[in-house]
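The structure appears right after this line, and notes come after that.
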Amino acid sequence: MDKSMGAKIFNALNYTVLTIVGLVTLLPFIYVVIISFADPTEYLTKSLVLIPEKWSLSAYEYIFSTNAFVHAMGVSGFLAVFGTLVSLIVTSALAYVLSRKRLKGKKFFLVAILMTMLFNPGMIPNYLLVDSLGLMDSIWALILPALTSAWYVFLMKNFYQEIPDELEEAAKMDGCSDIGVFFRIMLPISVSALAAFGLFYAVAYWNTYFSGVLYINRDSLRPLQVLLQMLLISASQMADPSMAAMLESERTVPPQVIKMAAVVLSSLPIVMVYPFLQKYFVKGMMVGSVKG
Amino acid sequence: MTLSHSQLERLQEALPAGRSEGAHPKKSWVQEWQVALKRDKYLYVMAAPGLLFFLIFKYVPLWGLLLAFQNFSPYLGFWDSEWVGFKYFAEFFDNPDFMLLFRNTMAISLLNIVFFFPIPIVVALLLNEVRKLAFKKFIQTVIYLPHFLSWVIIVGICFLILGEGSGVVNQLIVEFGGQKIQFLTEPNLFWAMLTAQSIWKEAGWGTIIFLAALAGINSELYEAAQIDGATRWQQMRNVTIPGIKSTIIVLLILRLGQVMDVGFEQIYLMASGPVAQVADVFDTYVYRVGIQQGRFSYATVAGLFKSVVGLILVVSANRLAKKFGEEGLY
């Protein structure tokens, strides 16, 4: 049946269209990666470089010779590791508790959390809250306001609900406390969910941008994305003094190539981790989001 | 007269106890809570950090909304600032900025719904017809990826590639004898650029939910259709599309409920001087007027307006989704 003419044409067309979709997604990235390895003199002298004849690591050498970039990577790296850990513990503990049928007040808590998804007080009240908590210019300003999310709590709660109660009862018989059940039984069997949500949190922390703009003025706490924005976007329009200086100094490598190398370095951790976790997050997204 | 806390507690304990001296002694809610707290104390301890988060970071800021009715000054603080009623509301709605913000928000959102929304459905349908699993998985891996990159990186790449001077696209255009296009500073292109970027970043990720819906279609329906001699095309029209119709309708309705949310970071990053007139939306306005110019009360009004309209839209969208027999958001 599948061998009919129509099916063949459809198949060919389908594969072509999807290949084009894939290429359109990927090509800009590939171009940026290639140019980031371009030889500076070649890039400067030729009017158009698609694939460089000579390769060079000078843009990367330049970036690693500056303090600012390495430091900002450290800030975002710390956020991605420490923040994710804290967020996962808080989210999974809350989700697990809310999945217990016997919990008194469960309905009230669930409704209260749900309401927060509907109404957002807005930027100014949030800003003043962070300010009055004394979190300005502290790493906590980048973690606490994003500690957990109502949506993830609900998704994880659905996940824990599907684990049969007998497991908890058996552990209790063996003398486990609630905390013991959670850490010794529930967390180990929910590795796939933890991997999925861990990835989401880690990406969100690594990509922390606007709370960095809002809450951080100290250079030493500047997250990577804020630095990137100065480097890639505002340096080309508004000429931020510190960034302009970073790009001007020495000038042996064209700013364009440095920028591309910066893009590659900042997306590298995500590109490296995510294919391994893909099977988890696809499952994680589907838990509770679509009925069979 | 006010009762002290301990007096209140005693009163609450005493009242139901007096009433329920019958055969079935009924516990008061305080007693019930005492029992529950004792039995499940570890559960409540485990939930506490998460619950505190929602209380502090989601409920306490609601208090800050009162700023909208004050002439708030950070030096005087909340308690000593002067109350001015609806003064800033009047000012905001009278300001010509208001119509501009409204127009830009609507335009960007509607362009997104018209041009962005159908693409994940089409791509999911195409992917669903792919029989070579390795190819399918490869394409999925590629098109999900941009979702995980920050807006700074996406907009940054856009600047690098489409920039007027050194952007490769303009260099190519010149190479082939064309005129340079000012992708980033031309107001007429701005909304299209935003939509294209959103498609590039999120359309692939959007296929996940439709692929899940497609996977949920009963395979016996396909077998039955094949026995009846249906072609692949007929199977798609009569089995596949009806199978995901309700998902499409519900997602569309819920998307309509979020018309006010147009993606703050993206617009903030893309908005530069020449495109300000078409780029300003409620969120960027709140940031500019509130945080940068320090007009907290006025900016709170603008933010509150956006949140209230958003709430109304989401609640009505959810009602509508439920009418279609689906679960909706809640």
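Each value in this text was obtained by applying a stated rule to the coordinates, not by laboratory testing. None of the values given here were measured: they were computed from a predicted structure. Positions of Cβ are generated from backbone atoms using ideal geometry, with glycine treated the same way; all protein chains shown enter the neighbour counts.
Counting only whole DSSP H helices of chain A, the ones at least 18 Å long by C-alpha along their axis and with mean Kyte-Doolittle hydropathy no lower than 1.0 are A:5-36, A:84-99, A:106-118, A:191-206, A:255-286.
Computed from the alpha carbon positions, the gyration tensor of segment B:150-218 leads to an equivalent ellipsoid with semi-axes of 33, 13, 11 Å, biggest first. With the charge dipole of the protein assembly as shown set up from +1 on Lys and Arg Cβ and -1 on Asp and Glu Cβ about the Cα centre, the Cα lying farthest toward the positive end among the listed residues A:Ala202, B:Phe190, A:Pro254 is that of A:Ala202. Averaging the sequence gap over all C-alpha pairs within less than 8 Å and six or more residues apart, then dividing by the number of residues, gives chain A a relative contact order of 30 percent. Counting Cβ atoms of other protein chains within 10 Å of each Cβ in B:123-131 and taking the mean gives 3.
Gain on full extension, evaluated as 0.36 nm per residue between A:Lys54 and A:Met272 minus their Cα-Cα distance, stands at 75.9 nm.
Could you work out the local net charge near A:Glu166, counting Lys and Arg as +1, Asp and Glu as -1, over the other residues with Cβ closer than 15 Å to its Cβ?
-1
In segment B:98-156, the ratio of gyration radius to Kirkwood radius, Rg to Rh, stands at 1.15 when only Cα atoms are counted.
Here is how the number arises for chain B: DSSP H runs of 4 or more residues each give -39500 (n - 2.57), the sum is divided by the residue count, and the result at 222 nm is -20000 deg cm²/dmol.
Peptides B:146-159, B:59-72, ordered by how many other C-beta atoms sit within 10 Å of their residues on average, highest first, read B:146-159, B:59-72. For peptide B:289-300, the mean count of partner chain Cβ atoms within 10 Å of a residue's Cβ comes to 2. Note on segment B:230-255 and segment A:10-84: Cα centroid distance 38 Å, given to the nearest whole angstrom.
Ranking A:Trp140, B:Val250, A:Val17 by Cα position along the charge dipole of the protein assembly as shown, where only Lys, Arg, Asp and Glu carry charges on their C-beta atoms, puts B:Val250 farthest toward the positive end.
Positive-end ranking of B:Val286, B:Val275, B:Ile154 along the dipole of chain B, with charges on Cβ about the Cα centre, is headed by B:Ile154. Rounded to the nearest 20, the Cβ-based charge dipole of segment B:173-330 about its Cα centre (Lys and Arg +1, Asp and Glu -1) stands at 380 debye.
Restricting the calculation to Cα atoms, chain B yields a radius of gyration followed by a Dmax of 27.8, 96 Å. Spin-label model, B:Arg255 to A:Arg218: label points 7 Å out along the Cα-to-beta-carbon direction sit 4.4 nm apart. Taking only the C-alpha atoms of chain A, Rg followed by Dmax gives 24.4, 76 Å.
Any idea how many Lys pairs in chain A come in under 29 angstrom at the alpha carbon, given 8 or more places apart or on separate chains? Summing the qualifying lysine pairs gives 24.
With N the number of residues in the protein assembly as shown, Rg(Cα) / (2.2 N^0.38 Å) evaluates to 1.09. Mean per-residue shielding of peptide B:202-213 is 3, counting Cβ atoms of other chains within 10 Å of each Cβ.
Each Lys and Arg contributes +1 and each Asp and Glu -1, all at the Cβ; summed about the Cα centre of chain B, the dipole is approximately 840 debye. What number, in percent, do you get for the relative contact order of chain B if the mean sequence gap of Cα pairs under 8 Å and at least 6 apart is divided by its residue count? Value for chain B: 21 percent.
Among complete DSSP H helices in chain B, those whose alpha-carbon atoms stretch at least 18 Å along the helix's long axis and whose mean Kyte-Doolittle hydropathy reaches 1.6 are B:241-256. How would you classify segment A:131-194 from its alpha-carbon gyration tensor, with a ≥ b ≥ c the square roots of the eigenvalues: rounded for a/c under 1.5, else prolate if a/b is greater than b/c, otherwise oblate? In terms of gyration-tensor shape, prolate. Note on segment B:244-314: the C-alpha convex hull projects to 5.8 nm² when averaged across all orientations. Rounded if a/c is under 1.5, else prolate if a/b beats b/c, else oblate: with a ≥ b ≥ c from the C-alpha gyration tensor eigenvalues square-rooted, which is segment B:122-264? Verdict is prolate for segment B:122-264. Within the set of other residues whose C-beta is less than 15 Å from the C-beta of A:Ser267, count the net charge using Lys and Arg as +1 and Asp and Glu as -1. Within the 15 Å Cβ shell, the charges total +2.
To the nearest 20 debye, what charge dipole does segment A:162-227 have about its Cα centre, counting +1 at the Cβ of each Lys and Arg and -1 at the Cβ of each Asp and Glu?
Roughly 640 debye for segment A:162-227.
Taking a ≥ b ≥ c as the square roots of the eigenvalues of the Cα gyration tensor, segment B:49-174 is prolate, since a/c reaches 1.5 or more and a/b is larger than b/c. Alpha-carbon geometry of segment A:33-137: the Rg and the Dmax are 24.5, 73 Å, given in that order.
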